[in-house]
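To keep things clear, I will list the structure first and then write my remarks on it.
The values are calculated or read from the model by the stated rules, or taken from the named source; none is laboratory data. Computed from a prediction, not measured in an experiment: that's the story for all the values here. Because the Cβ atoms are built from the backbone with ideal geometry, glycine has one as well, and the counts that use them run over all protein chains shown.
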């Protein structure tokens, strides 16, 4: 994990009072227990500190806060739902925290144009619900969607379960409203599908993790609601079978394959052990499991297609056994298993987590080599690699050996991550697939990116934020 940096200069009491005056005393939280939920991320890896948490209620108030911050040289850490996994949303050095949780309006929904404008503090689940109420789909889907916020999703270019079909958050936004580090507001809420008028500023802010500007609203793409869906879990004997099954599903899915998730046997065991109501999905045990979903714009089409795929896979000897959901409730149970994996791992003990991606064709090689490497490094450790096989993104998590000291195991985080990352890079992959760089991987970024890339990133940061006040110490 990234090393700590020196503390920032504390703002004067006069400056703090000026910040309070912008949002009002009710929405300015001084030091004390009410700050805690803004300062600790859910895995308890990072504990922040701040003299003040500000909760602006409008874009204009965000603008006023950044204007004052720029004038006084006061560092600001923007924060959405505080669900990030690389420490990018935490005030590590005493910066002021700017929470966007009060920017919760759905400004407009346009079913004919297939767009929705949401403010940054709307939860992902809230955006999904607003789209559904209009007879549309907003396809971004991640485990924390009840608490993560759309501004944070865009700032980190979130991925999730349906990237295979719909792409990352970047692919789902047409336009943005952004407050710049000096307080100016860029109104880029453009709903056009085509606009070749100069540099694409939108894509600079998406994925920049709040280091270039604060996203306060976005124009989001909507899609037709599927007329039918089918989910199934298949048991497989090997990683090679998983690769063959994905090839077959991609071919037979005819563009309707919306998810293809890989889970190891140990993941199923942890779920059954720790998650209430979790059951082994198949009668026999298998080394690997795939949870896949087909979605169709034709009624009563997805389930027959999924059944046909499974029959073909079994006949070819790729799939050993499978169960197709026969109801919406059963499909939801399948997805609950997948989304409860982090919870099950937490209950089992300390876990070293890696969010990586490699070319899809290289996944069997990567998983085999990485599993062997970490087991050799930490005898008795239990690799639990799972995730988005269809787009090459695996959460290569490693659970502590049974009965081991959790703190001692976590002390080897950097060593274990380095071994995994070495294999990732050798195979042409990425050390961060969807969680971002944040604080945790900032130093590592310098090691894996070419000097010219780092130089260009720093020039962009300096151009947008010459005083370095916005989320300092993150990304670059």
If I ask for residues that are surrounded by 21 or more Cβ atoms within 10 Å (Cβ to Cβ), free of Cβ contacts under 8 Å to residues at least 60 places away in the same chain and in contact with a strand residue (DSSP E or B) (Cβ under 6 Å, 6 or more places away or on another chain), which ones from the stretch 142-173 would you list? 172, 173
Can you find even one residue in the stretch 419-430 that is over 24 Å from residue 376 (Cβ atoms), in a helix (DSSP H, G or I), modelled with pLDDT of 95 or more and not assigned by TED's automatic domain parsing to the domain that holds residue 205? no
How many residues are assigned by TED's automatic domain parsing to the domain that holds residue 163 and without any contact (Cβ under 8 Å) to a residue 24 or more places away in the chain if we restrict to the stretch 218-276? 0
Just one of 88, 48 is outside the structural domain of residue 188 (by TED's automatic domain parsing), buried (at least 17 other Cβ atoms within 10 Å of the Cβ), in contact (Cβ under 8 Å) with a residue 60 or more places away in the chain and out of contact with any strand residue (DSSP E or B) (no Cβ under 6 Å at 6 or more places or on another chain); which is it? 88
Selection within the stretch 182-194 - under 27 Å from the mean Cα position of the chain (by Cα), assigned to a loop (DSSP other than H, G, I, E, B) and crowded, with 16+ Cβ neighbours inside 10 Å: 189, 191
Matching option when the condition is on the phi < 0 side of the Ramachandran plot, in contact (Cβ under 8 Å) with a residue 24 or more places away in the chain and assigned by TED's automatic domain parsing to the domain that holds residue 272, among 363, 310, 328: 310
Which one is nearest to the chain's Cα centre (by Cα), of the residues in the stretch 1-19 that are buried (at least 17 other Cβ atoms within 10 Å of the Cβ) and at pLDDT 95 or above? 19
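Yes/no matrix, rows are residues, columns are (1) touching a strand residue (DSSP E or B) at 6+ places or on another chain (Cβ under 8 Å); (2) part of a loop (DSSP other than H, G, I, E, B); (3) under 30 Å from residue 349 (Cα atoms):
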| residue | (1), (2), (3) |
| --- | --- |
| 246 | yes, no, no |
| 277 | no, yes, yes |
| 284 | yes, yes, yes |
| 291 | yes, no, yes |
| 305 | yes, no, no |
| 310 | yes, no, no |
Checking the condition farther than 20 Å from residue 237 by Cβ, buried (at least 18 other Cβ atoms within 10 Å of the Cβ) and free of Cβ contacts under 8 Å to residues at least 60 places away in the same chain, which residue from 357, 296, 351, 305 passes? 351
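In the list 328, 324, which residue meets the criterion of being surrounded by 15 or more Cβ atoms within 10 Å (Cβ to Cβ) and either within 31 Å of the chain's Cα centre (by Cα) or farther than 15 Å from residue 241 by Cβ (or both)? Write out each step before concluding.
Numbers: 328 fails: surrounded by 15 or more Cβ atoms within 10 Å (Cβ to Cβ).
Answer to the check: 324.
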Which strands (runs of 3 or more DSSP E) sit wholly inside the stretch 52-117 and have at least 1 residues that are closer than 21 Å to residue 146 by Cβ? 76-79, 96-99, 106-110
Single condition residue 395 does not satisfy, out of (1) in contact with a strand residue (DSSP E or B) (Cβ under 9 Å, 6 or more places away or on another chain); (2) part of a loop (DSSP other than H, G, I, E, B); (3) at negative phi; (4) in contact (Cβ under 8 Å) with a residue 40 or more places away in the chain: (2)
Scan the stretch 458-473 and give yes if some residue there is in a loop (DSSP other than H, G, I, E, B) and at pLDDT below 95, otherwise no. yes
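Here's the yes/no breakdown for (1) modelled with pLDDT of 95 or more; (2) crowded, with 16+ Cβ neighbours inside 10 Å:
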site: 196; (1), (2): no, no
site: 216; (1), (2): yes, yes
site: 237; (1), (2): yes, no
site: 249; (1), (2): yes, yes
site: 255; (1), (2): no, no
site: 276; (1), (2): no, no
Among the residues that make up the stretch 437-457, is at least one of them in contact with a strand residue (DSSP E or B) (Cβ under 9 Å, 6 or more places away or on another chain), surrounded by fewer than 20 Cβ atoms within 10 Å (Cβ to Cβ) and free of Cβ contacts under 8 Å to residues at least 40 places away in the same chain? yes
So residue 409 ticks every box in (1) surrounded by fewer than 18 Cβ atoms within 10 Å (Cβ to Cβ); (2) farther than 30 Å from residue 164 by Cα; (3) in contact with a strand residue (DSSP E or B) (Cβ under 9 Å, 6 or more places away or on another chain) but one. Which box is left unticked? (1)
Mind listing whichever residues of the stretch 40-81 are within 17 Å of the chain's Cα centre (by Cα) and under 16 Å from residue 215 (Cβ atoms)? 78, 79, 80, 81
Since residue 203 meets every condition but one in (1) without any contact (Cβ under 8 Å) to a residue 60 or more places away in the chain; (2) surrounded by 13 or more Cβ atoms within 10 Å (Cβ to Cβ); (3) over 19 Å from the mean Cα position of the chain (by Cα); (4) within 29 Å of residue 86 (Cα to Cα), which condition does it not meet? (3)
